Amino acid sequence: MKAMYLANYFVAGCIASSLLGWTASLHPMAFKAITFLVATVAVVWTLCWLLDFSISQLLKVSVSDLQAVLVSGLAMLLIGFGVFVCT
Amino acid sequence: MHLKMFVLSGAALTLWLTPLSALDKRIGWHKAMQGVSLCAAIACAVKAGNIAYKLSQQGEIETIKERAITADVIDEISTSAYVSQQQRQHEAELILSPVECLERSLSLDCEEPGHLERSTEDKLAARSENPDLEQLERILQLQARGYGKAKIILEVWGVSKGGSPKYKAAEAEYKRLVGE
């Protein structure tokens, strides 16, 4: 059952990424805003990946858990945008 | 609950993929439908995730409960087995001890062959009439029923608890018989 709820939240993240892509396709300004948002997320993601030990101590989680969250977040973003672009 | 979760998960996937692949992004109302269906898909996925999380928590609690019940049952069985073993051992010792005494007496009597038959009969009769054994048997029966010391003394000797000399004598007799 734990796998089921993790899978559902993962799917929710993927759909949210697709929704971001859909929002970006509405208007050029929206596209710019979403691009800026994605760039910010990318910078934060990279910092978190590089400073995983410090961040894990700050958030009081294990390093492996933090890395799992980062990797799954990246996968959600890629799958969501991929589905939106390819369909 | 499980069915609802699976239906919501399926609905989330359907609402995510179907409008994106089936509808045209260049047509205005198609695009609007895609947005609406994506929002609905997110709501379905989150709801399904919440239900799955609740079920997972309930499953963990049930597992903990089952473990606790199993541990209690094992503890109870082992305790009762230990108690019954002790009781049986005590009873066996009590049963064996008069026989040993008798054997010892018989072996002593063998030195006097003339008195052997009469003496043995007398001793057997004395053993069968021994009130200690009867009292002890009664005490063990009451202990098996879960009676305490005061209640056993009341049942066997008919003396209620107190500082009376009768009770003290009965208590001493009880201790002697039980071997405390």
Are any of the residues in the range B:160-172 acidic (Asp, Glu) and modelled with pLDDT of 85 or more?
yes
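For (1) surrounded by 11 or more Cβ atoms within 10 Å (Cβ to Cβ); (2) within 51 Å of the chain's Cα centre (by Cα); (3) within 15 Å of A:Leu26 (Cβ to Cβ), each residue gets a yes or a no:
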position	(1), (2), (3)
B:His2	yes, yes, no
B:Gly10	yes, yes, no
B:Lys25	yes, no, yes
B:Met33	yes, no, yes
B:Cys39	yes, no, yes
B:Tyr53	yes, yes, no
B:Glu60	yes, yes, no
B:Thr63	no, yes, no
B:Glu66	no, yes, no
If you go through the range B:44-61 one residue at a time, do you hit one that is more than 11 Å from every other protein chain (Cβ to nearest Cβ) and either polar (S, T, N, Q) or part of a helix (DSSP H, G or I) (or both)?
yes
Checking the condition assigned to a helix (DSSP H, G or I), of a type in the set (Val, Ile, Thr), closer than 25 Å to B:Ala12 by Cβ and touching a Leu at 6+ places or on another chain (Cβ under 8 Å), which residue from A:Ile55, A:Ile34 passes?
A:Ile34
For the list (1) closer than 30 Å to B:Ile61 by Cα; (2) away from chain B (no Cβ under 14 Å), I need the number of the one condition that A:Met4 fails.
(2)
Residue match in the range B:29-44 (condition: farther than 18 Å from A:Gly21 by Cα and either in contact (Cβ under 8 Å) with a residue 24 or more places away in the chain or among the charged types (D, E, K, R) (or both)):
yes
Single residue of A:Phe31, A:Phe81 found to be within 14 Å of chain B (Cβ to nearest Cβ) and in contact with a Gly (Cβ under 7 Å, 6 or more places away or on another chain)
A:Phe81
Extreme residue, modelled with the lowest pLDDT, among residues of the range A:1-36 that are more than 28 Å from B:Asp24 (Cβ to Cβ) and not hydrophobic (A, V, I, L, M, F, W, C):
A:Lys2
Taking the condition modelled with pLDDT of 85 or more, surrounded by 10 or more Cβ atoms within 10 Å (Cβ to Cβ), out of contact with any Leu (no Cβ under 6 Å at 6 or more places or on another chain) and part of a helix (DSSP H, G or I), does B:Ala92 pass?
no
Do the conditions hold for B:Leu17, that is, is it touching a residue at least 24 places away in the same chain (Cβ under 8 Å), surrounded by 13 or more Cβ atoms within 10 Å (Cβ to Cβ) and at the interface with chain A (Cβ under 10 Å from one of its Cβ atoms)?
no
Could you look through the range B:129-180, keep only residues that are touching a Phe, Trp or Tyr at 6+ places or on another chain (Cβ under 6 Å) and part of a helix (DSSP H, G or I), and pick out the one that is nearest to B:Gln87 (Cα to Cα)?
B:Ile153
Condition met for A:Phe10 (among the aromatic types (Phe, Trp, Tyr) and more than 14 Å from chain B (Cβ to nearest Cβ)):
no
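The values are calculated or read from the model by the stated rules, or taken from the named source; none is laboratory data. Keep in mind it's a predicted model, so treat the numbers as computed, not measured. Virtual Cβ from ideal backbone geometry, glycine too; neighbours counted across all protein chains shown.
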